[in-house]
Amino acid sequence: MKEENLIPAEEICVRYKVEHQFLISLYESGIIDVITIEKTQYIPLDHLHEFEKMIRLYRDLDINVEGLEAVHHLLKQIESLQKENRRLRNRLNLFE
């Protein structure tokens with residue numbers, strides 16, 4: 001992965017006013033990826049949206065990290081089911 005597609009974890013913590021442990025908890029839960037290069041931790045740019053979503057849920061709805069893990073899992077399941085539904089509808093349209 002190119003370094004320009006990585007954001008330093010420290011910068012994210014400062015910008016979003018979260019503790020580094022929160023970021024690590026999301027990583028340990030499998031919600032986001034953390035890449036370490038030369039003792040510096042980075043978040044891939046394409047995981048930033050997911051990180052922002054989890055922060056909103058954490059702050060606005062007061063959901064703990066375990067709850068965020070469950071919500072993340074359910075949202076991924078919904079996304080997968082929606083993709084499958086679109087695929088099946090497209091196949092069905094071929095026969096109409």
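The values are calculated or read from the model by the stated rules, or taken from the named source; none is laboratory data. Every value quoted in this text rests on a predicted model; they were computed, and no experiment measured them. Methodologically, a virtual Cβ is constructed for each residue, glycine included, from the backbone with ideal geometry; neighbour enumeration extends over all protein chains shown. To get the accessible areas, we keep the full protein, side chains included, count just its heavy atoms, and leave off ligands, DNA and RNA. Shrake-Rupley method; radii C 1.70, N 1.55, O 1.52, S 1.80 Å.
See the values below:
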| read-out | value |
| --- | --- |
| Residue pairs meeting the criteria (Cβ under 8 Å; at least 6 apart or on separate chains; first closer than 13 Å to Leu23 by Cα, in segment 33-47; second of a type in the set (A, V, I, L, M, F, W, C) and open to solvent by 90 Å² or more (accessible area, probe 1.4 Å)) | Ile35/Met1; Pro44/Met1 |
| Tabulated pairs, segment 8-25, first within 13 Å of Ile43 (Cα to Cα), second open to solvent by 40 Å² or more (accessible area, probe 1.4 Å), C-beta under 6 angstrom, 6+ apart or interchain | Ala9/Gln41; Cys13/His20 |
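Residue-by-condition table, conditions (1) farther than 23 Å from Glu4 by Cα; (2) of a type in the set (D, E, K, R); (3) surrounded by 13 or more Cβ atoms within 10 Å (Cβ to Cβ):
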{"residue": "Phe22", "(1), (2), (3)": "yes, no, yes"}
{"residue": "Tyr27", "(1), (2), (3)": "no, no, yes"}
{"residue": "Gly30", "(1), (2), (3)": "no, no, no"}
{"residue": "Lys39", "(1), (2), (3)": "no, yes, no"}
{"residue": "His47", "(1), (2), (3)": "no, no, yes"}
{"residue": "Glu52", "(1), (2), (3)": "no, yes, no"}
{"residue": "Leu74", "(1), (2), (3)": "yes, no, no"}
{"residue": "Ser80", "(1), (2), (3)": "yes, no, no"}
{"residue": "Arg86", "(1), (2), (3)": "yes, yes, no"}
